[in-house]
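To keep things clear, I will list the structure first and then write my remarks on it.
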Amino acid sequence: MTSHLDYQTAKLKRSILELVTLVEDSVQKAITAFQQKNLELAKKVVEGDKQIDAMEIDFEEECLKVMALYQPVAVDLRMMVSMIKINDALERIGDLSKEISKRVIALCDLPEPGAYFDFQSLFGSINWMLKNGMDSMINLNSDLARKVCVKENEVDEAYGKIVQEILRKIESEPKHVQNYIHQLAVADMMEQMGDELKKIAEDVIYTIDAEVVRHQN
């Protein structure tokens, strides 16, 4: 027989999957808006962040209610704690998508844009982490979650290369410094997104294997 706690946990899982869908869509739209310099799409991402924020607050409140009412232990408690932390990380990823889109809006307003840099490697690594990180959470796959943690090294590497390229361009073409600063900010926010996705994967590992990997290399 399904217990009340099992029912509420299943309900929370459905809710967080709805948030995952929204956040994934926001990230993809933000990346597309940047790649295409699509002003209207960037504005949609900024506006859509309000819904992500509202869902994050509602989900946290529901989790706390379930914990207070049913006092879960062992794997159920780990699941609940991890869902609260993942919920928080998803909201931050949504915020980063919004901030990237704000930079796109600023770039579209520049009269002389200057050069644009190749973000393909960075975006590719983030997309891989996003897809597989969410899959590891949905399917409770700790092996996949561990691969997501390792993938974050590629994000750091791609980020470092872009930063060096942009800094050199700032020195050689100071008249386009606004453009390059906006692109530098986008690179920084994508790197932060990789950090948040790694945290989600670490929480998946904790839920399944009861192992804390946050401070391991």
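The values are calculated or read from the model by the stated rules, or taken from the named source; none is laboratory data. Keep in mind that what you see is a predicted model, and the values were worked out from it rather than measured. Methodologically, a virtual Cβ is constructed for each residue, glycine included, from the backbone with ideal geometry; neighbour enumeration extends over all protein chains shown. Heads up: the accessible areas ignore ligands, DNA and RNA and are worked out on the full protein's heavy atoms, side chains in. Shrake-Rupley method; radii C 1.70, N 1.55, O 1.52, S 1.80 Å.
Conditions (1) more than 30 Å from A106 (Cα to Cα); (2) of a type outside the set (A, V, I, L, M, F, W, C); (3) free of Cβ contacts under 8 Å to residues at least 60 places away in the same chain, marked per residue:
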position: G133; (1), (2), (3): yes, yes, no
position: S136; (1), (2), (3): yes, yes, no
position: N141; (1), (2), (3): yes, yes, no
position: V150; (1), (2), (3): yes, no, yes
position: N153; (1), (2), (3): no, yes, yes
position: V163; (1), (2), (3): no, no, yes
position: I166; (1), (2), (3): no, no, yes
position: H176; (1), (2), (3): no, yes, no
position: L184; (1), (2), (3): no, no, yes
* Pairs where the first residue, in the stretch 73-91, is farther than 16 Å from L5 by Cα and open to solvent by 50 Å² or more (accessible area, probe 1.4 Å) and the second is of a type outside the set (S, T, Y) and in a helix (DSSP H, G or I), C-beta under 7 Å, 6+ apart -> K85/D203
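Could you list all residues from the stretch 152-180 that are of a type in the set (V, I, T) and under 21 Å from I93 (Cα atoms)? I'd like the intermediate steps shown before the answer.
So in the stretch 152-180, the residues of a type in the set (V, I, T) come out as 155, 162-163, 166, 170, 177.
The answer is V155, I162, V163.
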* Selected residue (criterion: farthest from E112 (Cα to Cα)) from residues of the stretch 157-177 that are exposed (fewer than 14 other Cβ atoms within 10 Å of the Cβ) and charged (D, E, K, R) -> E157
* Selection count, the stretch 25-40, where residues are open to solvent by less than 60 Å² (accessible area, probe 1.4 Å), in contact (Cβ under 8 Å) with a residue 24 or more places away in the chain and not aromatic (F, W, Y) -> 8
